[in-house]
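A quick write-up on the structure given underneath.
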Amino acid sequence: MESLSKLQNGSDVRGVALAVEGGAPVNLTPSIAGRIAAAFAGWLAEQTGKQPDALRIGVGHDSRLTARPLAEGTIAGLSAAGACVFDCGMASTPAMFCSTVYPETAFDGAVMLTASHLPKERNGMKFFTRQGGLDKPDIAALLARAEMIAAPQQPGSAQPCDLISRYAAALCERIRDGVGDDLPLAGLHVVLDAGNGAGGFFAGQVLAPLGADLTGSQFLEPDGNFPNHIPNPENKAAMESVRQATVAHHADLGIIFDTDVDRMSAVLSDGSEVNRDAIIAMMAAILAPEYPGSTIVTDSVTSDRLTRFLEGKLGLRHRRFRRGYKNVINESIRLNREGIVSPLAIETSGHGALSENYFLDDGAYLAVRLLIAAAKAKREGKSLGALIEGLPPACEEAERRIPIAGEDFAETGKRVLTAFEERAKAHGYAVAPDSCEGVRLTLPEGWMLLRMSLHDPLLPLNVEGNHPGDCRILLDTARELLDGFPQLDLGVLG
């Protein structure tokens, strides 16, 4: 049988599930999903010490066009392995994890069919146990195991499970407790943008029952064609869409989710976007009174101005770590185990996990925390934006992804980073001593980070300038430091 290792994408399975004109060939079919699901059942039996027929496993999916066929293939594979399967239908990634911890469900494991914000032809699989999402080595083991398993030959059987209603009820309970009212969102105007993903439930099952005004909310209906904008809080067009809706309808707050609702960003009433550094600053400001002096773990591309805000304004500590949401989460878990309080692990992408919420990267839970703060501010006649007034605005920022030619791109990347650091020191530039990945420099014009891509033959370069025109200076400086490597396409630096 063919190798399935190419479907691994860090701690997820990702592939092409839909044929589109000019696109890559399909490599994630229902039968392949079934083989991988059967491997998960076998792996889970070993991990739990249970017989396969004693396992209870939930299956959910987002709004993608290939969701149901892949879900049916997954159910067939789990059934063929002997597991008792529960079909959760349309769900969110965080809800599927919660299915393993809710007493009403208490599944031994869960599978979510999603490819997050990727184009409609893509899809994937995420796996959960009660200990959290599977890590990269676990996925490698699953795919190796699946190569030895034949595709299921019969349709599977599954019991229906209305998981999303149970999950929504838990979110409602958290908001009521946080505000101290049965209708905690009464008088609060919220624009929700679900991007035609799986997050539309949040409007009808969380916001409306709690009294929020939803006028102007958009793209709540699931549609795997994603006809309005990419469901991605990092996408400029998506953020501009929810920003315009928030301002046009004079809402107190705008909220945007990605396809499977494990990421979110927001918009304030004046149109200010609360994403990237700002969403980290906002969540840290909300948590700071409850966790004074604690450590916030972020990915490596956060700005120096964020560090100054977290440490100087909020009295917290800032720990940058390797990109990849599982890397950031695992670092926060490690710190807590060592006795260093770390309540939040969050990336600039909007992936955020709180210690109080199973360290689950849960966009809806971040929204819950934001809504509690917004409701309290509204009742006190205060502005939610006041929480991050001390965060200096970003002046200029840019990302360039520098291609590396040749088969030995990883080795080339290492040599480039070594030379980059040596040349920077020779010029007297400040090199961050605690860079967890790549090389980070601080210059009079701002800062830059050069690192290896997690998966591709690329060197991503992030720069942030202090004043107009500084990004150009930083990019030119990077070009000078990278000169002499013919494997690099420096044309992307402009």
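Summary of computed values
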quantity: Filter pass, Arg440 being within 22 Å of Asp299 (Cβ to Cβ), of a type in the set (Lys, Arg) and out of contact with any Lys or Arg (no Cβ under 7 Å at 6 or more places or on another chain); calculated: yes
quantity: Filter result for the condition that a residue is in contact with a Phe, Trp or Tyr (Cβ under 9 Å, 6 or more places away or on another chain), over 27 Å from Asp277 (Cα atoms) and of a type outside the set (A, V, I, L, M), over Thr442, Thr412; calculated: Thr412
quantity: Residue match in the stretch 387-400 (condition: under 30 Å from Leu335 (Cα atoms), touching a helix residue (DSSP H, G or I) at 6+ places or on another chain (Cβ under 6 Å) and basic (Lys, Arg)); calculated: no
quantity: Options Arg337, Arg305, Arg322, Arg317; residue that is touching a Cys at 6+ places or on another chain (Cβ under 9 Å) and open to solvent by 10 Å² or more (accessible area, probe 1.4 Å); calculated: Arg322
quantity: Residue within the stretch 358-370 that is under 28 Å from Asp177 (Cα atoms), open to solvent by 40 Å² or more (accessible area, probe 1.4 Å) and at pLDDT 95 or above present; calculated: yes
quantity: Lone qualifier among Ala373, Ala398, Ala394 - being out of contact with any Gly (no Cβ under 7 Å at 6 or more places or on another chain) and in a helix (DSSP H, G or I); calculated: Ala373
quantity: The stretch 272-282: number of residues that are open to solvent by 10 Å² or more (accessible area, probe 1.4 Å) and of a type in the set (Gly, Ala, Ser); calculated: 2
quantity: Any chance Val341 is more than 25 Å from Phe257 (Cα to Cα) and hydrophobic (A, V, I, L, M, F, W, C); calculated: yes
quantity: Qualifying residues in the stretch 124-173 (those that are among the hydroxyl-bearing types (Ser, Thr, Tyr) and open to solvent by 20 Å² or more (accessible area, probe 1.4 Å)) - the one farthest from Ala353 (Cα to Cα); calculated: Ser157
quantity: The one condition in (1) under 20 Å from Leu366 (Cα atoms); (2) open to solvent by less than 30 Å² (accessible area, probe 1.4 Å) that Val101 fails to fulfil; calculated: (2)
quantity: Residue satisfying all of: in the stretch 1-20; outside any loop (DSSP other than H, G, I, E, B) and of a type outside the set (A, V, I, L, M, F, W, C); most open to solvent (accessible area, probe 1.4 Å) among these; calculated: Lys6
quantity: Scope the stretch 33-44; condition touching a strand residue (DSSP E or B) at 6+ places or on another chain (Cβ under 8 Å) and either open to solvent by 10 Å² or more (accessible area, probe 1.4 Å) or closer than 21 Å to Ser116 by Cα (or both); matching residues; calculated: Ala33, Ile36, Ala37, Phe40
quantity: Of the criteria (1) closer than 25 Å to Leu461 by Cα; (2) modelled with pLDDT of 95 or more; (3) in contact with a Pro (Cβ under 8 Å, 6 or more places away or on another chain); (4) of a type outside the set (Phe, Trp, Tyr), which one Glu290 fails; calculated: (1)
quantity: Some residue of the stretch 142-150 being within 23 Å of the chain's Cα centre (by Cα) and in contact (Cβ under 8 Å) with a residue 12 or more places away in the chain; calculated: yes
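Table: residues versus (1) among the aliphatic types (A, V, I, L, M); (2) surrounded by 14 or more Cβ atoms within 10 Å (Cβ to Cβ); (3) closer than 30 Å to Ile286 by Cβ; (4) within 28 Å of the chain's Cα centre (by Cα).
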{"position": "Ile388", "(1), (2), (3), (4)": "yes, yes, yes, yes"}
{"position": "Arg400", "(1), (2), (3), (4)": "no, yes, no, yes"}
{"position": "His427", "(1), (2), (3), (4)": "no, no, no, no"}
{"position": "Leu441", "(1), (2), (3), (4)": "yes, yes, no, yes"}
{"position": "Trp447", "(1), (2), (3), (4)": "no, yes, yes, yes"}
{"position": "Ile473", "(1), (2), (3), (4)": "yes, yes, no, no"}
{"position": "Gly484", "(1), (2), (3), (4)": "no, no, no, no"}
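The values are calculated or read from the model by the stated rules, or taken from the named source; none is laboratory data. Fair warning: this is a prediction, and the values are worked out from it, not measured in the lab. Because the Cβ atoms are built from the backbone with ideal geometry, glycine has one as well, and the counts that use them run over all protein chains shown. Remember, those area values only see protein heavy atoms, side chains included, never the ligands or the DNA or RNA. Shrake-Rupley method; radii C 1.70, N 1.55, O 1.52, S 1.80 Å.
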